[in-house]
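Read through the structure below, which is laid out as structure tokens, and then see the notes.
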Amino acid sequence: MNEKTTSPKTAFVFSGGASLGALEAGALKAIVEEGIKPDLVLGTSVGSLTGAMFAFNPTMEAVKIIEKVWLNIKVWNVFSPSPITPVVNFTTSGQYLISPKNLRKLILENIPYTRIEETQVPLYIIGTDIKSGVEVVFDKGLVIEALLSSTCIPGIFPPQHMKGFAVVDGGLLNNTPISTAVRLGAERVIVFPIGVPSPEQEPKNLLEILIRTFIYLLNRQLATDIQLYKNKVDLIIVPPPDSVNVGPHDFSKSKFLMDEGYKKAKEWLRTEGFVSNSNTYSHNCDVHTSQINFLEAIKPDPIKKASTRVKESIKETSKSVKENVVEKADKIYSEIVTKGEEIKEKLERKKSDN
């Protein structure tokens, strides 16, 4: 059982961002290696899952467990749509598209405790009341229900109804809860952000456009919080990679994201050191800085024909399928080679025994 102090010193703040949360896992490893320890942990959405695992055992052992969890997460562990659910919800004025059954199973399999109070470091899980638009902070009670509430993407998963609240994803209001950490008495706030997509790649379909819109809104909120709190607390932003070419719905690239998050954090620690960087941290979505991007309005490029867009989409899909096939083939080949070597060793040992 933990004892929550009234004036904790250091807060670890984990952002939401679906599959991009793997970046935070990589960055966390670098920070733990540096010997930095939290006095309280806050998390929103997928960041609440990472936070919940780390707060229970804030050591490198927990980091390894978090890495293992990320490596085993598949998209169907989170988003498991049924062909019937959308129809039923549409005809009955339902509120969601996907059952949280698989997400609940994922949480239960990876969170080794029942109540939030059991963590070694005080844990705060952030949600949003969809009825009133107020922030909801869970600091005690059933951890599974708090995590399901914090990860409940509005319209995708059903709201969690409890004590008069209808709780959904905390990212709706406070995706990177710096403000909550400050209100809870943190004097130093360490932020693990998710980064932004690569500016070199324009979204090619409606899903990618919506995903980018969501990510930019979340980062816009973070940029505002940095400006609001940089002079009130010791604010340290662990920089994510300069660009992210993985969509928040793609859980197949977790190892790549963790590696990139780790490398970027280690590079930052080596070149700048673990110091407050809120005045120097460059954020693409910050409109409070002196930079203004002036652009002359001219006649825009013609809109591509539907047939052209379809051809480009087919080409991109084929490329993605080919990459996945090659990746899986390499993995299978590697497994066969390893198995062959194991069999060879066993045969040689058996021969030597005889």
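Observations
- Tabulated pairs, region 40-55, first more than 13 Å from A25 (Cα to Cα), second assigned to a strand (DSSP E or B) and of a type in the set (D, E, K, R), C-beta under 6 angstrom, 6+ apart or interchain: S45/D169
- Yes/no for E345 being in contact with a helix residue (DSSP H, G or I) (Cβ under 9 Å, 6 or more places away or on another chain) and open to solvent by 90 Å² or more (accessible area, probe 1.4 Å): no
- Condition met for I236 (modelled with pLDDT of 90 or more, crowded, with 17+ Cβ neighbours inside 10 Å and out of contact with any His (no Cβ under 9 Å at 6 or more places or on another chain)): yes
- Taken together, G164, G195 contain a single residue that is surrounded by 15 or more Cβ atoms within 10 Å (Cβ to Cβ) and at pLDDT below 90, which is G195.
Yes or no, residue by residue, for (1) assigned to a helix (DSSP H, G or I); (2) more than 18 Å from the chain's Cα centre (by Cα); (3) modelled with pLDDT of 90 or more:
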{"site": "T180", "(1), (2), (3)": "yes, yes, yes"}
{"site": "Q201", "(1), (2), (3)": "no, yes, no"}
{"site": "I209", "(1), (2), (3)": "yes, yes, no"}
{"site": "F214", "(1), (2), (3)": "yes, no, no"}
{"site": "L217", "(1), (2), (3)": "yes, no, no"}
{"site": "R220", "(1), (2), (3)": "yes, no, no"}
{"site": "D225", "(1), (2), (3)": "yes, yes, yes"}
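- So G164, is it on the phi > 0 side of the Ramachandran plot and in contact with a strand residue (DSSP E or B) (Cβ under 7 Å, 6 or more places away or on another chain): no
- Filtering K140, K131 for residues that are open to solvent by 50 Å² or more (accessible area, probe 1.4 Å), part of a loop (DSSP other than H, G, I, E, B) and either out of contact with any helix residue (DSSP H, G or I) (no Cβ under 9 Å at 6 or more places or on another chain) or closer than 21 Å to L20 by Cα (or both) leaves a single hit, K131.
- Filter result for Q291 (at pLDDT 75 or above, at negative phi and open to solvent by 40 Å² or more (accessible area, probe 1.4 Å)): no
- For region 97-128, the set of residues classified as open to solvent by 70 Å² or more (accessible area, probe 1.4 Å), assigned to a loop (DSSP other than H, G, I, E, B) and under 14 Å from C152 (Cβ atoms) consists of L97 only.
- Residue in region 270-286 that is modelled with pLDDT of 90 or more, over 20 Å from R188 (Cβ atoms), of a type in the set (A, V, I, L, M, F, W, C) and surrounded by 14 or more Cβ atoms within 10 Å (Cβ to Cβ) present: no
- Within region 176-189, residues that are on the phi < 0 side of the Ramachandran plot sit with their Cβ atoms under 8 Å from residues that are of a type in the set (D, E) and in a loop (DSSP other than H, G, I, E, B), at 6+ positions apart or across chains, in these pairs: A186/D39.
- Selection within region 182-199 - over 17 Å from the mean Cα position of the chain (by Cα) and either closer than 19 Å to N231 by Cβ or assigned to a helix (DSSP H, G or I) (or both): V182, R183, L184, G185, A186, E187, R188, V189
The values are calculated or read from the model by the stated rules, or taken from the named source; none is laboratory data. This one's a predicted model, so the numbers in the text were calculated from it and none came from an experiment. Methodologically, a virtual Cβ is constructed for each residue, glycine included, from the backbone with ideal geometry; neighbour enumeration extends over all protein chains shown. When the accessible area is computed, the model is the full protein with side chains, heavy atoms only, and any ligands, DNA or RNA have been set aside. Shrake-Rupley method; radii C 1.70, N 1.55, O 1.52, S 1.80 Å.
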